[in-house]
Amino acid sequence: MSPRHLFTRNPVARKAHQCWECTRPIERGTRYRVDITAYEGRTYSIKAHVECADAGMALATEMDIQDEGRDSLIEEITASGEPLDAFDLPDVVRRRLEDAIAEGEARDEARRAEALARIRAAKEAAP
Ligand SMILES: [Zn+2]
């Protein structure tokens, strides 16, 4: 039997959770989405920011794109050098991709800074 979706809820977080879609924390006191699924006699709950869940759904249903597809979509868009607005994307998807691209750039920047610091430290240590 394949997983069967039972129901969806949008509760307010009583404690922090991790978002299934973006992996960032779902802060206590914010509304989030829970999907309850049954599979092989057990139930599973998948928690996500409401907007992340919407974006995931829009990608999956409107564009037929799953997780790995999203990463290669980001790569294609970044490589094209075109602004995100140039692509015909659902709004909620465009916002999530903007976030993901900005995060990737911040990570690259942090990596560059770390490498520079290491080079500097090595130069200073050299006789
Ligand atoms: Zn999220």
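The values are calculated or read from the model by the stated rules, or taken from the named source; none is laboratory data. These numbers come from a predicted model, not from an experiment. All Cβ positions, even for glycine, are placed from backbone atoms using ideal geometry, and neighbour counts span all protein chains on display.
Before moving on, here are some points about what is shown:
- Criterion violated by PRO90 - all others in (1) surrounded by 11 or more Cβ atoms within 10 Å (Cβ to Cβ); (2) at pLDDT 85 or above; (3) touching a Ser or Thr at 6+ places or on another chain (Cβ under 8 Å) satisfied: (3)
- Residue check for ARG120: at negative phi, basic (Lys, Arg), without any contact (Cβ under 8 Å) to a residue 40 or more places away in the chain and in a strand (DSSP E or B): no
- Residue check for LYS15: surrounded by fewer than 11 Cβ atoms within 10 Å (Cβ to Cβ), among the charged types (D, E, K, R) and not in a helix (DSSP H, G or I): yes
- Any chance THR78 is in contact with a helix residue (DSSP H, G or I) (Cβ under 8 Å, 6 or more places away or on another chain), surrounded by fewer than 18 Cβ atoms within 10 Å (Cβ to Cβ) and of a type in the set (S, T, N, Q): yes
- Residues that are out of contact with any strand residue (DSSP E or B) (no Cβ under 6 Å at 6 or more places or on another chain) and within 16 Å of the ligand (Cβ to nearest atom) within the range 1-14 comprise just one, PRO11.
- The set of residues in the range 73-86 that are of a type in the set (Val, Ile, Thr) and either out of contact with any Phe, Trp or Tyr (no Cβ under 8 Å at 6 or more places or on another chain) or not in a helix (DSSP H, G or I) (or both) comprises ILE74, THR78.
- Residue list for the range 25-59, filter: within 16 Å of the ligand (Cβ to nearest atom), surrounded by fewer than 16 Cβ atoms within 10 Å (Cβ to Cβ) and under 17 Å from ARG4 (Cα atoms): SER45
- Annotation: of all residues in the range 41-71 being in a helix (DSSP H, G or I) and in contact with a Ser or Thr (Cβ under 9 Å, 6 or more places away or on another chain), the one that is modelled with the highest pLDDT is VAL50.
- Filter pass, LEU89 being of a type in the set (A, V, I, L, M), touching a helix residue (DSSP H, G or I) at 6+ places or on another chain (Cβ under 8 Å) and not in a helix (DSSP H, G or I): yes
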